[in-house]
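The values are calculated or read from the model by the stated rules, or taken from the named source; none is laboratory data. The structure presented is a predicted model; accordingly, all values stated were derived computationally and were not measured. So basically every Cβ, Gly included, is an ideal-geometry build from the backbone, and we count neighbours across all protein chains shown.
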Amino acid sequence: MDQDMSCTLVTGASSGIGREFAREFARRGSDLVLVARSGETLRELSDDLERKGVAVHLCAEDLGDPESPSRIYEYCRRKELRIGLIVNCAGFGFAGRYGSMAPDLIREMLQVNAASTALITRLFLPGMVARKSGGIINVSSLSGFQGVALIGLYSATKAFLLAFTESLHEELKDTGIKVVAVCPGYVDTDFHARAGQQPEASMLPLSGAGVVVKAAIRGLLRNRAVVFPTVLDALLVFLQRFLPRSTVLKMAAFLAPLREK
């Protein structure tokens, strides 16, 4: 993972999977640029990570703002920070009928979950190409492999990340840059409470955030386009090949018990 003394940029770093990515890369000795809305939460995390002997740079930005990717890039340029690895982890969900979803929330989800990843990647990618080294980890989801009733827009954003990652993985295969999407099912974080999901009511097990992080890093090192944290995650996607699409959609809705907002 050594990118010639470069930093790892993690979005959504203040909680959940993003925070676990920050901790893991700090343990591996990587300097960090942490991005999240809450500067206070980032400072608390930074105090803990700096005890591991790494430099931690804090960039408090709301990725729901279309201008935030440019400000993040300028922050790194101004501080002369070389970004060798991007972890696009920021995202949120909404459970409920699409007709009840506020237009402003629709715009925010598209911006945070999809557009910010595309823009951040675009801004930092030329530097990686010039150095002929780098890595990009995009946090997608099992819900990106099919539509899921009552979380339709969220699953669509994760499908975008999946297709975006696979395209870049192929496009950049001869440049020294590795691109991987990690696709977990339910993960034990506070994400679900905000989204209105009830993972404890599903037959699917909850994975720990650390399992997701380790799978993503393994996939990056092995130059895989898509990885799954557990065997069950991989099996569920594999079985879709043999089932009618209508059955896949019914199964996805059944396995994702939700409470409507």
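Below, the figures for the structure above:
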read-out	value
Any pair with Cβ under 6 angstrom, 6 or more apart, that starts in region 122-140 at a residue that is assigned to a helix (DSSP H, G or I) and ends at one that is surrounded by 19 or more Cβ atoms within 10 Å (Cβ to Cβ) and small (Gly, Ala, Ser)	Met128/Gly134
Any hit, region 37-44, residues being closer than 23 Å to Lys214 by Cα and either assigned to a strand (DSSP E or B) or of a type in the set (S, T, N, Q) (or both)	no
Filter result for Leu81 (in contact with a Gly (Cβ under 7 Å, 6 or more places away or on another chain) and touching a residue at least 60 places away in the same chain (Cβ under 8 Å))	no
Residue list for region 62-79, filter: crowded, with 16+ Cβ neighbours inside 10 Å and in contact with an Asp or Glu (Cβ under 7 Å, 6 or more places away or on another chain)	Gly64, Ser68, Ile72
Residue match in region 237-248 (condition: surrounded by fewer than 20 Cβ atoms within 10 Å (Cβ to Cβ) and either more than 19 Å from Gly147 (Cα to Cα) or at pLDDT below 70 (or both))	no
Every pair of residues 6+ apart whose Cβ atoms lie under 6 Å, when the first sits in region 224-251 and is farther than 26 Å from Gly135 by Cβ while the second is of a type in the set (Val, Ile, Thr)	Gln240/Val248
Evaluation of Ile120 against (1) aliphatic (A, V, I, L, M); (2) at pLDDT 95 or above; (3) crowded, with 18+ Cβ neighbours inside 10 Å; (4) more than 19 Å from Arg82 (Cα to Cα) (one fails), failing number	(4)
Close pairs (6 angstrom Cβ cut-off, 6 or more residues apart or separate chains): touching a residue at least 12 places away in the same chain (Cβ under 8 Å) and closer than 18 Å to Ala115 by Cβ in region 159-174, assigned to a helix (DSSP H, G or I) and not charged (D, E, K, R) anywhere	Ala159/Gly144; Phe160/Ala114; Leu162/Gly144
Matching residues in region 215-233 - criterion: being of a type outside the set (Asp, Glu), part of a helix (DSSP H, G or I) and crowded, with 16+ Cβ neighbours inside 10 Å	Ala215, Ala216, Ile217, Gly219, Leu220
Identity of the residue in region 82-98, more than 18 Å from Cys183 (Cβ to Cβ) and modelled with pLDDT of 95 or more, that ends up surrounded by the most Cβ atoms within 10 Å (Cβ to Cβ)	Leu85
Filter result (in a helix (DSSP H, G or I) and closer than 27 Å to Leu221 by Cβ) within region 62-84	Pro69, Ile72, Tyr73, Cys76
Selected residue [among the hydrophobic types (A, V, I, L, M, F, W, C), modelled with pLDDT of 95 or more and farther than 19 Å from Arg122 by Cβ] from Ala159, Ala193, Ala209	Ala159
Residue list for region 47-61, filter: part of a helix (DSSP H, G or I) and buried (at least 17 other Cβ atoms within 10 Å of the Cβ)	Leu49
Filter result (small (Gly, Ala, Ser) and buried (at least 21 other Cβ atoms within 10 Å of the Cβ)) within region 127-170	Gly134, Gly135, Ser140, Ser141, Ser143, Gly144, Ser155
